[in-house]
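Enquirer: There's a structure below that I have some questions on.
The values are calculated or read from the model by the stated rules, or taken from the named source; none is laboratory data. The structure presented is a predicted model; accordingly, all values stated were derived computationally and were not measured. Because the Cβ atoms are built from the backbone with ideal geometry, glycine has one as well, and the counts that use them run over all protein chains shown. When the accessible area is computed, the model is the full protein with side chains, heavy atoms only, and any ligands, DNA or RNA have been set aside. Shrake-Rupley method; radii C 1.70, N 1.55, O 1.52, S 1.80 Å.
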Amino acid sequence: MTHLRRFGPGLLVAAALATAATLLGTVLPIVGGPVLALFGGIAVGAAGRRFVSDTGPLGPGLTLTKQRFLAVAIVLLGLGMPVGSVLTVGRDTAVVLIGTLVAGAVAAVVVGRLLALNRESATLVAVGTTICGASAIAAATAVLKPDRHRVAYALATIFVFNVVAVLVYPPLGRLLGLSQEAFGLWAGTAINDTSSVLAAGVVFGPAAAHFAVIVKLVRSLMIVPLCVGLHLAKRRSEPDHAANTPLWQVFPLFVVLFLGASLIAGLGVLPDSLTASLARLSGWLIAAVLAAIGTSLTWQQLRTAGARPLLFGGILAVVLGTSSLALQLATGWW
């Protein structure tokens, strides 16, 4: 009962914000539930700063949400990404998919240094842009544990270019004469968030939407090597910490469980109805985490981050879009 009184109010607020944002996200798929939850949390925090502080009545529950829900959400994502069912698409689109990711990674390193971005901000925007939007940012956050305002700015950046992509890609795809599959491959490799990939695909055509989502699932599996790589990089940058860390901790537990969930999904033992429900639960949990993060943020923190991360995200978005089209042209997809 003591724990319920301590954590309950904050958990209820996070749950209410996540539920409202998820429902509204179905009406506004261009924006998506996670981003709406983030801004909902910011609004709640602005309205009652003393209530959401660490010493306020909502603080403990909101902190618990941020610390515990994220890893569960990431593991549940794996149950919607069956390894076996995407192997064929992964093989056929490997050159375009991997080439686009490499181009994005190289651009992230070069442009990030030219703009002199904070490393955490650059990493969060880069992984969100090149892999899978809010989900990749959530996974990177679980490993890096960056400042909260950097997470929020990265998500806001992703949101801006999600909207731009959904509005621009379908008419541009028609202007370029892309086929349904070619457009699906373009959207799946160059648009960062799954909801926006689906929205752009639906606008272009049903076959494009179906193929785009499959390509996006293959791309999303890069979450696993991403998290392992970030963890290894963190160990190298913190040698004192690394010297006292057992080798098995190189692989964060949630990453191992994510991969196991993906393998289970590939066995086909889970009914489609359960998989769909778990995917919705994962999205809801991510929304709850972002709502909790939002309550602790201020507009001053976002203004302090400046315009460079937004410029960085825009450059990466252009690099992904153009490199995907160039690789499609070179490999005969277009």
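Enquirer: At a 10 angstrom cut-off on C-beta neighbours, averaged per residue, how do the peptides 148-156, 124-132, 319-327 rank from highest to lowest?
Expert: Sorting 148-156, 124-132, 319-327 by mean packing, highest first, produces 124-132, 148-156, 319-327.
Enquirer: If you build the Cα gyration tensor of the stretch 40-83 and take the root of 5 times each eigenvalue, what three semi-axes come out, in whole angstrom, biggest first?
Expert: Working from the Cα gyration tensor, I get semi-axes of 30, 12, 5 Å.
Enquirer: Arranged from highest to lowest average of other beta-carbon atoms within 10 Å per residue, in what order do the peptides 134-146, 51-63 appear?
Expert: Those peptides, ordered most packed to least, come out 134-146, 51-63.
Enquirer: Which of the lysines could a cross-linker bridge to Lys66, judged by Cα under 17 Å and excluding same-chain residues fewer than eight apart?
Expert: Lys145
Enquirer: Under the 0.36 nm per residue contour assumption, what length would be gained going from the current alpha-carbon distance of Lys145 and Ser237 to full extension?
Expert: Contour length minus the Cα-Cα distance gives 31.7 nm.
Enquirer: Additional query: Below 15 angstrom from the Cβ of Leu198, what's the summed charge of the other residues (Lys, Arg +1; Asp, Glu -1)?
Expert: Once positives and negatives cancel, what remains is +2.
Enquirer: Let me ask something else about it. Scanning the chain for helices, which whole DSSP H stretches are 27 Å or more long along the axis (Cα) and average 0.5 or more by Kyte-Doolittle?
Expert: 2-27, 59-78, 94-114, 148-176, 272-295, 308-331
Enquirer: Suppose each label sits 7 Å from its Cα in the direction of the beta carbon; what would the Ala46-Val269 distance come out to in nanometres?
Expert: With each label placed 7 Å out from Cα toward Cβ, I get 4.9 nm.
Enquirer: Rank-order 286-294, 168-176 by packing density, defined as the average count of other C-beta atoms within 10 Å over each peptide's residues, highest first.
Expert: With the highest mean Cβ count within 10 Å placed first, the list reads 286-294, 168-176.
Enquirer: How many Å² of accessible area per residue for the stretch 33-145, probe 1.4 Å?
Expert: Dividing the accessible area of the stretch 33-145 by its residue count gives 41 Å².
Enquirer: Say R0 is 35 Å: what FRET efficiency, to the nearest 0.05, do Asp54 and Leu28 get from their beta-carbon distance?
Expert: For Asp54 and Leu28, the calculated efficiency is 0.65.
Enquirer: A further question on this structure: Per 0.36 nm of contour for each residue apart, how much would the distance between His210 and Leu257 grow if the chain were fully extended, relative to their Cα-Cα spacing?
Expert: Full extension from His210 to Leu257 adds 14.2 nm.
Enquirer: So for the pair His3, Arg119, with labels modelled 7 Å out along Cα→Cβ, what separation do we get in nm?
Expert: For His3 paired with Arg119, the spin-label model returns 3.6 nm.
Enquirer: Expressed as a whole percentage, what fraction of the accessible surface of the chain belongs to carbon and sulfur atoms when a 1.4 Å probe is rolled over the protein heavy atoms?
Expert: Summing carbon and sulfur atoms, their accessible area is 71 percent of the total for the chain.
Enquirer: Hey, quick one: spin label on Val202, modelled 7 Å out along Cα-Cβ, who in the stretch 162-186 has an amide N within reach, i.e. under 15 Å?
Expert: Only 163, 166-167, 170 pass the distance filter.
Enquirer: Treating only the Cβ atoms of Lys and Arg (+1) and Asp and Glu (-1) as charged, compute the dipole magnitude of the stretch 74-221 about its Cα centre; round to the nearest 20 debye.
Expert: Dipole size: approximately 240 debye.
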